[in-house]
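Everything on this sheet refers to the single structure shown next.
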Ligand code: FES
């Protein structure tokens, strides 16, 4: 009799809903898993988009500076010679010569100071010549014939940690302003 009372005391509703609860639990688990995957996919997509945007907005300017580059060791540039191999890619004449009695290596901009044509190096006449209106420049870059009003310009040049010459095209030095005395625009050899 006591046992019967115990059975009666157990509500019938606590047995039936157990199955429903399990079904809801399974559904919740499945839904939760899909939701988790969705958020994970969204997070990954957002991350990729952010990385691509950063790359687009800040191209090589951050990763590397295209206006600063190494060109080799001073010994690669023989005395009284103009290295012409950097003209096409970098717009630079590298000269191992003399300026006001000082033996130096310096980097001249290839652009004519008249109206901006690209100069040529004429080895037989030992001068830079502009094909547009005939301006001429000595090997040190100083103008001496034609309409160009001033010497070619120099870029900054120095020695990198590994001993190579390094040019920085973001800095320009003008002879007529007295800037060729700046040690940033030549390497003494
Ligand atoms: S642009 Fe060089 S002489 Fe005119």
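Every number in this text was worked out from the coordinates using simple rules, so none of it is lab data. Since this is a predicted model, take the numbers as computed values, not measurements. Methodologically, a virtual Cβ is constructed for each residue, glycine included, from the backbone with ideal geometry; neighbour enumeration extends over all protein chains shown.
Modelled label positions at residue 132 and residue 161, each set 7 Å beyond Cα in the direction of Cβ, lie 4.1 nm from each other. Subtracting the Cα-Cα distance of residue 171 and residue 115 from 0.36 nm times their residue separation leaves 18.1 nm of extension gain. One chain, two ends: residue 184 and residue 150. Fully extended at 0.36 nm per residue, the span grows by 10.2 nm beyond their Cα-Cα distance. Please label the shape of the stretch 88-183 as rounded, prolate or oblate, based on the square roots a ≥ b ≥ c of the eigenvalues of the alpha-carbon gyration tensor (a/c under 1.5 means rounded; beyond that, a/b larger than b/c means prolate, else oblate). Prolate.
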